[in-house]
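First comes the structure, then the notes that go with it.
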Amino acid sequence: MTKPIALDRRQVLTGAAAGALVLGFSLTRGAREAAAQGAAAGDGKLNAWLRIGSDDSVTILVGQSEMGQGVYTSLPMLVAEELECDWSKIKVEPASGDDAYRNVYAVRDMLTAGHGEELSGVKGWAYGGMAKMFSEQLTGGSTSIRGHFDRLREAGAAAREMLRAAAAKQWSVPLGECEARDGQVSHTKSNRVATYGALAAAAAAIEPPKNVLLKPPSAWRLIGKPVTRLDLPAKVTGRAGFGIDARPPGMLFAAMRNCPVFGGKLKSYDAAKVEKMPGVKAVVALDDAVAVVADNSWRARQAAEALPVVWDEGEAARTGTDDLFAQFKAALSEAGEKAYAVGDADATMAAAPKMIAAEYRVPFLAHATMEPMNCTAHVTADGVEIWAATQVQTRAVKQAAEAAGVSESKVKLHTTMLGGGFGRRAEFDTIGPAVRVSKAVGKPVQLLWSREEDMRHDFYRPGAVGRLEAGIGADGMPVAWRHRIASPSIMTRVFKPVTWMGPDQTSVEGAIEMPYGIKNQRIDYVTRNTPVPVGFWRSVGNSQNAYIKECFLDEVAAAGGKDPLELRRALLADAPRHRAVLDLAAEKAGWGTPLPKGRGRGVALHRSFGSIVAEIADVEVGAGGVVKVLRVVCAVDCGTVVNPDTVVAQMQGGIVFGLTAALYGSIGVDKGRVVEGNFDTYRMVRLAETPAIEVYIVPSETAPGGVGEPSVPPIAPAVVNAIFAATGKRLRSLPIAGQTLV
């Protein structure tokens, strides 16, 4: 056993409920009051708790949203490892929205762009305080395992010790002679065995332990082993419930017509033109939209599209893509904020024998989740019930309460599975409208956005322009590095107070604190907000800054006469974890082996969300400049691994997601309107285009890192660097499609 973990009695609740042991921790005030009044423990609102039934079943309530990343398996694995239960008896339920499930770790990561664990002193104290104050029940920032690794193991260990204590008391034997394993407690000397289900009621009366011992890694039987995901059978058979699947009795369907221009408002509409269409029940006006309610989704959509609407388009109607990027480019010449500095980049640059410079540009991007945005709401005299595929339960509850004009305690939230999240479902713009429409018609309503409404009313990955300069010494090694970024600020919209402490960390993450040993660096940021709403997109600022940083580093290698891989290895002399990841990827990819004419191999390395990922892409540039990515080799050090199958799947998924953006992703704006509306103009990488992807995990005993996002940032620069190796052509803007390569 490892070091004991202290448990505050106020953090633990046990009680008998239908012969079950119910254990939870981090109680809300309401749950503590209910327990004090003698209510059944199962009635309490708990954070990360488990139930052990008389049938030996173990039910884990998961407060994190399942959006394909596997938390319905990996988080229960943490509990089960310490509980020593029978994995085949595990069940999973989504936890309802409640303050008890607030994820301080995720909010801190969001505020600090993934560097929260590295902050100290006054800055660390300030960010930590804000994270606690503004924490939410949130799934994002690749924090599910990082934020719950100790917390859920402690829950399992506490329950295990209570079951052992119940058995020891029942048999009148020393506690130390009772062993918990495989869902039962045994006493070898007397040859007695009792299942967890048989002990559950007695264990509920046991005093919770003040300290629990967690198993050392050498004793783990589940953590680190490949485990088939518990949610797969339901997804394969179609029984899994997503937001779009909600069907409360008597439900109607609503379709939205949002103002097509950013910031525009509803001016007038002619409901009489559609009210007599088949199935139409009502037309409901909102501030910047109008909803048509009907008896099925198709009729609602047809009527919404036929509805005559006049919009007050506002000032943004003059906004276009060229104007936006002209603003970003001009901003590079303005005074900005220092985001990071070490040494004296200016003086060293001026004295360097050689200096190179380049300007990079990345477009706005949509999330384009496969499940369109939706919410189902039912407003009654007693309160509000909502079914939402949300990443932020706290905000969903708050928005529903505000829209209905009730207290948050009157809102019941059902968190469904998410048909893709990527940060889009960290927003809550479907919640309020659904509640308001339900309130207007007096029935449950499912509000479903069309793909076009979804694509044209997103919170987009910011477009950005970056200007980079490097001073190169006589030995061909970089001695100075300057990077200046101009882009919109996500945090200005989401949480403006954090920008008072310095540059928006989400705008500069991936550019600051590089692992490379360049002794003189300066990174500056210029905020240039526009009418285009921006938000968190899978891997956030790392997605653009890794591309810019890693592509320019290849330019530095070429200018200094260095092999791109060997330059990185030399610059990582003081970063052994990064170098080990890079070396593994190079070995598996066969770096340096010859390729046929027209093919190239490119490399990129990046750390984000506590994990280090290197990717090497083999690319073919064919006739007419058509790019085909043939193979991607990915090496990752994500610290302690819970389920290696999940790591591999997330690396693969992130690579495909990032490759789609690199090849095709771009959101254009014309007269304040998004140009792209569906997958014909906003293309995805299709099955036939998907490269062979190999994933290799570096063994590590460090704290767990994230895996949902870290494979996204390196893929664009790896492919672009491979294109240069194949053609000699530098691509300093994305997407790749449409650019002249031959």
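Spin-label model, SER218/SER88: points 7 Å from Cα along the beta carbon direction are separated by 3.1 nm.
Please compute the per residue accessible area over the chain with all protein chains in place, 1.4 Å probe, rounded to a whole number of Å².
Values: 28820 Å² over 742 residues.
On a per-residue basis, 39 Å².
Length gain on complete extension for the stretch ASP645 to THR228, per 0.36 nm per residue less the alpha carbon to alpha carbon distance? Write out the running numbers ahead of the final one.
Details: separation 417, 0.36 × 417 = 150.12 nm, distance 0.78 nm.
Value of the extension gain: 149.3 nm.
With Cβ to Cβ distances under 11 Å as the rule, what net charge do the other residues near ASP670 carry (K, R +1; D, E -1)? Local net charge: 0. Shown here are the Rg and Dmax of the Cα trace of segment 264-379, at 25.1, 77 Å. Can you give the local net charge around ARG683? Use residues other than it whose beta-carbon is closer than 10 angstrom to its beta-carbon, Lys and Arg +1, Asp and Glu -1. Every neighbour counted, the sum reads -2.
Suppose R0 equals 25 Å; then what is the FRET efficiency for GLU359 and ASP475 from their Cβ-Cβ distance, rounded to the nearest 0.05?
Values: r = 27 Å, r/R0 = 1.06.
Rounded to the nearest 0.05, the efficiency is 0.40.
Taking the Cα centre of the chain as reference, the dipole from Cβ charges on Lys and Arg (+1) and Asp and Glu (-1) amounts to some 300 debye. With an a/c value of 1.5 or above and a/b not larger than b/c for the gyration tensor axes a ≥ b ≥ c computed over the alpha-carbon atoms, segment 587-697 is described as oblate. Given R0 = 60 Å, the distance between the Cβ atoms of ASP344 and ARG631 translates into a calculated FRET efficiency of 0.90. Across the accessible surface of the chain, with the other protein chains kept in place and a 1.4 Å probe, carbon and sulfur atoms take up 52 percent.
In the chain, what % of DSSP beta bridges are antiparallel (nearest 5)? Spell out each step's value before the answer.
Working: 92 of 121 bridges.
The antiparallel proportion sits near 75 percent.
With both residues required to sit in segment 477-616, DSSP beta bridges show an antiparallel share near 45%. Ordering 137-143, 583-589 by mean Cβ neighbour count within 10 Å, with the highest value first, yields 137-143, 583-589.
Note: relative contact order over segment 441-533, using C-alpha pairs below 8 Å and six or more positions apart, is 30 percent.
Using packing as a proxy for protection, rank 515-522, 213-220, 536-543, 679-686 so that the peptide with the highest average count of other Cβ atoms within 10 Å comes first. Each step should come with its number before you reach the end.
On the way: 515-522: 18.4, 213-220: 13.0, 536-543: 27.9, 679-686: 14.6.
Descending mean neighbour count gives 536-543, 515-522, 679-686, 213-220.
For segment 585-605, the residues whose amide N sits under 11 Å from a probe point set 7 Å from the Cα of VAL742 along the beta carbon direction are 598-599.
To the nearest 0.05, how large is the calculated FRET efficiency for GLU305 and ARG181 if R₀ is 51 Å and r is the Cβ-Cβ distance? All intermediate terms of the calculation are to be shown ahead of the outcome.
Details: r = 61 Å, r/R0 = 1.21.
Step by step, r from the Cβ atoms, then E = 0.25.
Please compare each pair in LYS189/LYS225; LYS549/LYS628; LYS281/LYS439; LYS235/LYS412; LYS235/LYS398; LYS549/LYS729 to a cut-off of 21 Å on the Cα-Cα distance and tell me which ones are over it.
Values: LYS189/LYS225 32 Å; LYS549/LYS628 23 Å; LYS281/LYS439 14 Å; LYS235/LYS412 25 Å; LYS235/LYS398 30 Å; LYS549/LYS729 17 Å.
Listed pairs above 21 Å: LYS189/LYS225; LYS549/LYS628; LYS235/LYS412; LYS235/LYS398.
Remark: relative contact order (segment 546-644) = 22 percent; criterion is Cα-Cα distance under 8 angstrom and separation of 6 or more residues.
In the list (1) 1.17; (2) 1.11; (3) 1.01, the label attached to Cα Rg over 2.2 N^0.38 Å as derived from the coordinates here is (3).
The values are calculated or read from the model by the stated rules, or taken from the named source; none is laboratory data. Treat the numbers as computed from the prediction; the structure is a model and nothing was measured. We place every Cβ from the backbone using ideal geometry, glycine too, and count neighbours over all the protein chains shown. The protein model used for the area step is the full one, side chains on, heavy atoms only, and it has no ligands, DNA or RNA in it. Shrake-Rupley method; radii C 1.70, N 1.55, O 1.52, S 1.80 Å.
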